[in-house]
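Let me give you the structure first, and then I'll get to my questions.
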Amino acid sequence: MRQIMVRYRVKPEHAEENEQLVRAVYEELHRTRPEGLRYATFRLPDGVSFVHLARESGGDGRSPLTGLDAFRRFQANIADRCDEPPVVSELHEIGSYEGQAGPV
């Protein structure tokens, strides 16, 4: 299993455009439902920083994201949208916890 984090900061005038491009990726993911991918995106409180987290269980090393038209549109010209370019980090999990809410 491979886990990746990508963090970048867009120029303020491109924040909404970037969010729309990200939302289009999720729309395509929901239509195509690629197996072995868990993906989440967060817009940080400063309004211009974004973090993407991906967990891929496929063994071939290729992300299902790269096959999506919406993801390719998102990647196109990202350098022009950014104040700080994307930094990609591979994550090595130490532990995780998800509590379950009881009956209300």
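Ignoring everything but the protein chains, give the 1.4 Å probe accessible area of residue 92 in square angstrom, nearest 10.
Here the accessible area works out near 150 Å².
Could you report the accessible area of residue 13 in Å², rounded to 10, computed with a 1.4 Å probe on the protein chains as they sit in the structure?
130 Å²
Apply the a/c threshold of 1.5 to the C-alpha gyration tensor of the chain and tell me whether it is rounded, prolate or oblate.
Because a/c hits 1.5 or more and a/b exceeds b/c, the chain counts as prolate.
In Å², and per residue, what accessible area does the chain have when probed at 1.4 Å with the other protein chains present?
I get 71 Å² per residue for this part.
Hey, what do the phi angles of segment 29-45 turn into as Karplus ³J(HN,Hα) couplings, whole Hz, using 6.51/-1.76/1.60 and θ = phi - 60°, x for Gly and Pro?
Taking θ as phi minus 60°, the curve returns 4, 5, 6, 8, 6, x, 7, x, 10, 10, 9, 9, 10, 10, 9, 7, x Hz for segment 29-45.
Another question about this same structure. Taking all protein chains in place and a 1.4 Å probe, what share, in percent, of the accessible surface of the chain do carbon and sulfur account for?
51 percent
Here's something else I'd like to know. Can you list which of the chymotrypsin sites (Phe, Trp or Tyr not before Pro) found in segment 42-102 are DSSP loop residues with at most 15 other C-beta atoms within 10 Å?
97
The values are calculated or read from the model by the stated rules, or taken from the named source; none is laboratory data. Fair warning: this is a prediction, and the values are worked out from it, not measured in the lab. In this analysis, Cβ positions are derived from the backbone assuming ideal geometry, glycine residues included, and neighbour counts consider all displayed protein chains. Please note that ligands, DNA and RNA were not included when accessible areas were found on the heavy atoms of the full protein model with its side chains. Shrake-Rupley method; radii C 1.70, N 1.55, O 1.52, S 1.80 Å.
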